[in-house]
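Only the coordinates and a few stated rules stand behind these numbers; no lab work does. Quantities reported herein were computed from a predicted structural model and do not represent experimental measurements. Ideal geometry is used to build each Cβ from the backbone, glycine not excepted, and the neighbour counts take in all protein chains shown.
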Amino acid sequence: MFDINLLRTFLAVIDAGQFTAGGAAIGMSQSTVSQHIRRLEEACGRQLLVRDTHAVTLTQDGAAMAGFAREIVGTSLQAEGYFAGSAPRGRVRLGVSDDLALTRLPTILRDLLRINPLISIELTVGLTSTLYQKLDSGRLDLLFCKRQTGDDRGHVVQRERLVWLAHADFRLAPEASVPIVLYPSSSITSRHALEALNRAGRPWFIACSSETLAGLRAGVQAGLGVMAQSRLLLQGGGLALAPESANLPQLGEVEFVILGRSHKLHGASATLAALIEEHGAGLWMEPQDSDMAPGGARSLQNQR
């Protein structure tokens, strides 16, 4: 078995890139850090680091050890939290709007739950208006969705201006009547689309309607028309920004919020809300720039 203190020192060094900086991060002198690394290398019988005067580099065995060390240290922290009674636990009934569910949000949730194994999620995906109704009737504990008009509850995770989405080959004359793809029932995005067109005096007609976002995507991908939605939907492929030549009016701004049934959250709901608020903005980043890209559990562990 490997000494967990040696593994922690090893991780501190490779995260800092130097012995001195790594030691400072965990309150150890450089000589103590060197001793720990030497003892770890002796324990596994392999060289783990290549040292020079400025930085350290992982060997192939060192890279393997880094993966094992993160798992071992992470599991140890979870066990400590569990038996100390400090780890958040409990079931959270989470509602998520369908546009968010089609992004990397499942990856974020999976990685958050991996680090917080005593929290379980019962996920409901749907229209924002329906999710608010379920929250207010006590059927959900937490929402991550667009802010409903006239409702000032929740903490803002991201603000963004909606965009017109279409198939890459879609073309529309600048004065032509606009074929709209939208929800048949009231929705935040549909309201923004129709208000923008009406303000601009632009004629429009409904080319496709669906109660689900999957149905709307299918209509747009078939080239039937355009829809107003978040830029998040560009991540899944198959959609593009409507061409500027179509001369479509600017759309309004929306806020994506995390909110619960009361202003003050407690227990697992409070923990999950804080984690989503902290990491949710990563959905609007390119995967290679986001700490929560696939494999993001490692990034979260580094932040503990």
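Please list the non-local residues whose amide H lies under 5 Å from the amide H of Ile206, H modeled 1.01 Å from N, same-chain partners needing a gap of 5 or more.
Ile180
Take every Cα pair under 8 Å in the range 1-152 that's 6+ residues apart, average their separations, divide by the length, and report that relative contact order as a whole percent. Write out the running numbers ahead of the final one.
Values: 174 pairs, mean separation 28.2, N = 152.
RCO, the range 1-152: 19 percent.
Order these peptides, 99-111, 239-251, 264-276, by their mean beta-carbon neighbour count within 10 angstrom, highest first.
On the way: 99-111: 19.5, 239-251: 16.2, 264-276: 18.0.
Packing order, densest peptide first, comes out as 99-111, 264-276, 239-251.
Going by amide H atoms built from the backbone, whose H comes under 5 Å of the H on Val157, apart from near neighbours?
For Val157, whose amide H was placed from the backbone, the distant partners under 5 Å are Phe256, Val257, Ile258.
Between Leu49 and residues 5 or more places away or on another chain, which pairs have amide H atoms under 5 Å apart, with H built 1.01 Å from N, and which residues are they?
When sequence neighbours closer than 5 places are left aside, the close amide H contacts are Thr59.
Over the chain, with a Gaussian network built from C-alpha contacts below 10 Å, which listed residue (Trp284, Trp164, Trp204) shows the highest mean-square fluctuation?
Trp204
Can you show me the helix-derived [θ] at 222 nm for the chain, built from DSSP H runs with n ≥ 4 at -39,500 (n - 2.57) apiece and divided by the number of residues, rounded to the nearest 500. All intermediate terms of the calculation are to be shown ahead of the outcome.
Working: 11 runs with 126 residues, N = 304.
For the chain, the value works out to -12500 deg cm²/dmol.
How many angstrom separate the Cα center of the range 104-136 from the Cα center of the range 32-53?
42 Å
Enumerate the calculated ³J(HN,Hα) couplings along the range 164-177 in order (Karplus 6.51 cos²θ - 1.76 cosθ + 1.60, θ = phi - 60°), each rounded to whole Hz, writing x wherever the residue is Gly or Pro.
For the range 164-177, the Karplus curve yields 8, 10, 8, 6, 4, 8, 5, 9, 8, 5, x, 10, 6, 5 Hz.
Among the complete DSSP H segments of the chain, which ones combine at least 30 Å of alpha-carbon extent along their axis with a mean Kyte-Doolittle hydropathy of -1.0 or more?
Numbers: long enough: 60-84 (36 Å, 0.18).
Span-like helices, by this rule, are 60-84.
Do you know the relative contact order of the range 4-84, to the nearest whole percent, from alpha carbon pairs under 8 angstrom that are 6+ apart? Working shown, then result.
Working: 78 pairs, mean separation 23.9, N = 81.
In percent, rounded to a whole number, it is 30.
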